[in-house]
1. State, to one decimal in nm, how far the label point of ARG48 lies from the label point of ASN4, with both points 7 Å from Cα in the Cβ direction.
2. Using 7 Å Cα-to-Cβ label points, what is the GLU103/GLN73 separation (nm, one decimal)?
3. Using a Förster distance of 35 angstrom, determine the FRET efficiency expected from the C-beta separation of ASN35 and VAL91, and round it to 0.05.
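Please treat every number below as a calculation from the coordinates, not as lab data. No experiment lies behind these values; they were computed from the predicted model shown. Backbone-built Cβ (ideal geometry, glycine too); neighbour counts: all protein chains shown.
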Amino acid sequence: MLANYDYYCPHCDAKLTADRQIHFLVCTTNFELANLYLSAVPGEYGHRSDYDLKIKNGDRVEFHCTSCRANLQSKTYPDFVEIHLKVTPEVVFEVLFSPICGEKITYVIMENEMVKYRDDFYSIMRNYKKTG
């Protein structure tokens with residue numbers, strides 16, 4: 001369901017999704033920015049890169065926008081990366097995920113309520129589409 005929507009930079013509003021992948025720049029061990037692609041399908045946690053990233057479980061990854069290069073660390077929730085999910089041009093949700101490799105934690109903020117991604121999120125989205 002979420003894979004059908006697009007994700008955007010919270011700073012410049014650039015679209016980050018293409019071909020069911022979210023495209024980021026990440027800081028390498030040499031302090032260079034390299035492309036990193038994550039699945040736009042929630043629950044799929046693999047990654048691909050055009051750079052030989054030496055990422056292992058427990059490593060903290062610094063995510064940047066591919067357009068404005070802004071650091072995507074959330075200002076409100078600094079332990080998370082923040083991107084935006086657009087359901088419609090008027091309906092935008094904050095999506096937060098852990099920048100720690102191996103931590104499979106994703107939250108969606110809907111109407112000022114933080115919802116952990118899983119079954120609760122799907123039931124809220126179904127109800128939101130009916131009433132929103």
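1. 2.4
2. Distance between label points: 1.2 nm.
3. Plugging the Cβ-Cβ distance into 1/(1 + (r/R0)^6) gives 0.75.
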